[in-house]
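*Asks:* Please read through the structure below; I'll follow up with questions.
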């Protein structure tokens, strides 16, 4: 398939398409019309048709989409057909929760190391991977090819850690620390700011309460 | 302060303002100009001025913003001045990570219960709160006032759980399960779809690699 530029708005929606298509495959569905997919995903059928037209010639009128083909193609666009070696920095509850998330492995994110600063954790196993000390990290990154670093360290350690990661060739950081990382432009950062998400929920909740008091 | 409608785009940026203002307070900064805040936050000063103008009359020309006042006002808009009783469904690593996140408590999110289906966990303590069985949930929700439910159960249990929560008066769900919940319109859902975030990172990483191979 020839690649063309896909708009950011479409890209943002791709993981959700990918998820629904994956569920359809699990259910044994081989083809689906944009109308049926539209009902399932609660977006308009025309939005779906427009979005999926970006991926070329599947989905003929009256014939529906080939679920598996579409799933595979979107997976390729999302880079899920390539193995991404990944390490986790911080072996606390969050780090361990992410390490134990089996679905990541299925999608090509291969956990190759877990690091912490707490010596009590050294050598403990998480999914068969021994927790190493962060002091071993530079050596580890010289020996192994690692693409993605998952940063679950406390905020006060995250900035220094990002610098070490970048120096040692990490190309992408999945950042759970509650700060904005200052990294070179060619390093990809994807933030998960949990407390900001909770604040958005709180805002909507408060707004709803206020609006209904006024009435 | 009189309330007026604030645009969604501004609301989305508020948690980030709140975070930076909180850091400034920690650093002992009492006033800050939009220019200095702009450098810190890497957004334009005019954007900051426009956004913060929504909050009325502080920030006079040449005098800067009163950091603490602004922090407090934004906190009010975000509903952080009100206590939000919260329960966590799922006492696995992720549920425990969220339970142990002390910052939530500081911002008015008071954890009042943790529930799981695994009888092995029953009675175990997380931050002084005993893990209860999910079968006790309806009774618990009748006895206690709970606003927010944090859903960290596996996807196949999340849909049923959301129904139970809604039936028992929960007004907001912070959803970590990998599905879109089907709830009445007046129930607020804020999703944290971790694997979709990781896919976005993967997309950007793959795109960067492709773009640089082409050159």
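*Asks:* Name every residue in the stretch B:141-157 that is within 24 Å of residue A:97 (Cα to Cα), touching a strand residue (DSSP E or B) at 6+ places or on another chain (Cβ under 7 Å) and in a loop (DSSP other than H, G, I, E, B), in order of residue number.
*Replies:* B:152, B:153
*Asks:* Can residue A:150 be described as farther than 27 Å from residue B:74 by Cβ, without any contact (Cβ under 8 Å) to a residue 24 or more places away in the chain and surrounded by 13 or more Cβ atoms within 10 Å (Cβ to Cβ)?
*Replies:* In short, no.
*Asks:* Name the residues in the stretch A:4-55 that are outside any helix (DSSP H, G or I) and surrounded by 12 or more Cβ atoms within 10 Å (Cβ to Cβ), would you?
*Replies:* Hits for the stretch A:4-55 are A:6, A:29, A:30, A:31, A:32, A:33, A:43, A:44, A:54, A:55.
Okay, residues lined up against (1) modelled with pLDDT of 95 or more; (2) in a strand (DSSP E or B):
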position: A:76; (1), (2): no, no
position: A:86; (1), (2): yes, yes
position: A:104; (1), (2): no, no
position: A:132; (1), (2): yes, yes
position: A:159; (1), (2): no, no
position: A:166; (1), (2): yes, no
position: A:170; (1), (2): yes, no
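*Asks:* Moving on. Taking the stretch B:88-100 as the region of interest, how many residues are without any contact (Cβ under 8 Å) to a residue 24 or more places away in the chain and either within 30 Å of residue B:31 (Cβ to Cβ) or assigned to a loop (DSSP other than H, G, I, E, B) (or both)?
*Replies:* Counting residues in the stretch B:88-100 that are without any contact (Cβ under 8 Å) to a residue 24 or more places away in the chain and either within 30 Å of residue B:31 (Cβ to Cβ) or assigned to a loop (DSSP other than H, G, I, E, B) (or both) gives 0.
*Asks:* Further, regarding this structure: Return the residues of the stretch B:175-207 that are over 17 Å from residue A:74 (Cα atoms) and outside any loop (DSSP other than H, G, I, E, B); say none if nothing qualifies.
*Replies:* Those that are over 17 Å from residue A:74 (Cα atoms) and outside any loop (DSSP other than H, G, I, E, B): B:175, B:188, B:189, B:190, B:191, B:194.
*Asks:* Ok, one more. Taking the stretch A:81-112, which residues are crowded, with 20+ Cβ neighbours inside 10 Å, in contact with a strand residue (DSSP E or B) (Cβ under 7 Å, 6 or more places away or on another chain) and within 11 Å of chain B (Cβ to nearest Cβ)?
*Replies:* A:84, A:86, A:90, A:91, A:95, A:96, A:98, A:99, A:109
*Asks:* Could I ask something else about it? Give the stretch B:184-215 a look and list any residue that's over 21 Å from residue A:194 (Cβ atoms), at pLDDT 90 or above and more than 8 Å from every other protein chain (Cβ to nearest Cβ), or say none.
*Replies:* Correct list: B:184, B:185.
*Asks:* Right, here's the next one. Tally the residues that are in contact with a strand residue (DSSP E or B) (Cβ under 8 Å, 6 or more places away or on another chain) and surrounded by fewer than 13 Cβ atoms within 10 Å (Cβ to Cβ), restricting the search to the stretch A:113-129.
*Replies:* 4
The values are calculated or read from the model by the stated rules, or taken from the named source; none is laboratory data. Computed from a predicted model, the values in this text were never measured in an experiment. Counting neighbours? That spans all protein chains shown, and the Cβs are built from the backbone with ideal geometry, glycine included.
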